[in-house]
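Asks: Take a look at the following structure, please.
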Amino acid sequence: QVQLVESGGGLVQPGGSLRLSCAASGSIFRINIMGWYRQAPGKEREFVATITSGGNIYYADSVKGRFTISRDNAKNTVYLQMNSLKPEDTAVYYCKIVDTRPYTYWGQGTQVTVSS
């Protein structure tokens with residue numbers, strides 16, 4: 001059993017910053033891809049960013065230049081630094097981990113609200 005625990009969400013004003021964390025624990029196999037997705041009210045879940053075990057990084061166009069994804073393999077943790085936040089970034093953010101078998105795991109989600 002693998003558990004993903006997310007933290008770092010909250011309420012922030014437009015232009016502000018937040019840093020999300022997602023730590024994996026339990027019976028972890030070799031982690032390949034770590035990433036973040038988000039789902040706004042009334043919308044489908046969408047891709048935000050991913051980072052592979054080889055260090056390849058991909059971002060959605062909507063967050064390029066504002067968000068930075070990183071990972072700490074020793075801690076089985078992925079981070080999302082979010083700067084210059086906009087109201088349209090408001091969503092529940094989910095982390096996703098894919099191991100090499102490949103099995104996929106999702107976090108429970110953390111709310112990010114950007115509002116003045």
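Asks: Output the Kirkwood hydrodynamic radius of the range 1-54, Cα pairs only, in Å rounded to one decimal.
Replies: Computed over the range 1-54, the radius equals 13.5 Å.
Asks: What is the distance in Å between the Cα centres of the range 71-116 and the range 10-61?
Replies: Between the Cα centres of the range 71-116 and the range 10-61 lies a distance of 3 Å.
Asks: Once neighbouring chains are kept in place and the probe is 1.4 Å, which whole percent of the accessible area of the chain is contributed by carbon and sulfur?
Replies: Details: 2940 of 6200 Å².
The C+S portion of the solvent-accessible surface of the chain is 47 percent.
Asks: Residues with beta-carbon under 13 Å from that of Ile31, excluding Ile31: net charge, scoring Lys, Arg +1 and Asp, Glu -1?
Replies: Result for the neighbourhood of Ile31: +3.
Asks: Let me ask something else. With only Lys, Arg, Asp and Glu charged, each at its Cβ (+1 for the first two, -1 for the last two), find how big the charge dipole of the chain is about the Cα centre; round to the nearest 20 debye.
Replies: 160
Asks: Taking a cut-off of 16 Å between Cα atoms, list the lysines near Lys96, but don't count ones fewer than 8 places away on the same chain.
Replies: Lys75
Asks: Hey, if you put +1 on the Cβ of every Lys and Arg and -1 on every Asp and Glu Cβ in the chain, which of Gly109, Ser27, Tyr59 ends up farthest toward the positive end of that dipole?
Replies: Ser27
Asks: Right, here's the next one. Tell me which lysines have Cα within less than 21 Å of Lys86's Cα, excluding those fewer than 8 residues away on the same chain?
Replies: By straight Cα distance, Lys86 reaches Lys43, Lys64.
Asks: Could I have the simple spin-label model distance between Asp61 and Lys86, label points 7 Å from Cα toward Cβ, reported in nm to one decimal?
Replies: With each label placed 7 Å out from Cα toward Cβ, I get 1.2 nm.
Asks: Please calculate how many Å² of accessible area the range 10-62 carries per residue, with a 1.4 Å probe and no DNA, RNA or ligand atoms counted. Please list the in-between numbers first.
Replies: On the way: 3060 Å² over 53 residues.
Using a 1.4 Å probe on heavy atoms only, each residue of the range 10-62 averages 58 Å².
The values are calculated or read from the model by the stated rules, or taken from the named source; none is laboratory data. For clarity, every value in this text was computed on a predicted model and none was experimentally measured. Positions of Cβ are generated from backbone atoms using ideal geometry, with glycine treated the same way; all protein chains shown enter the neighbour counts. These area figures cover heavy atoms from the full protein model, side chains too; ligands, DNA and RNA do not enter into them. Shrake-Rupley method; radii C 1.70, N 1.55, O 1.52, S 1.80 Å.
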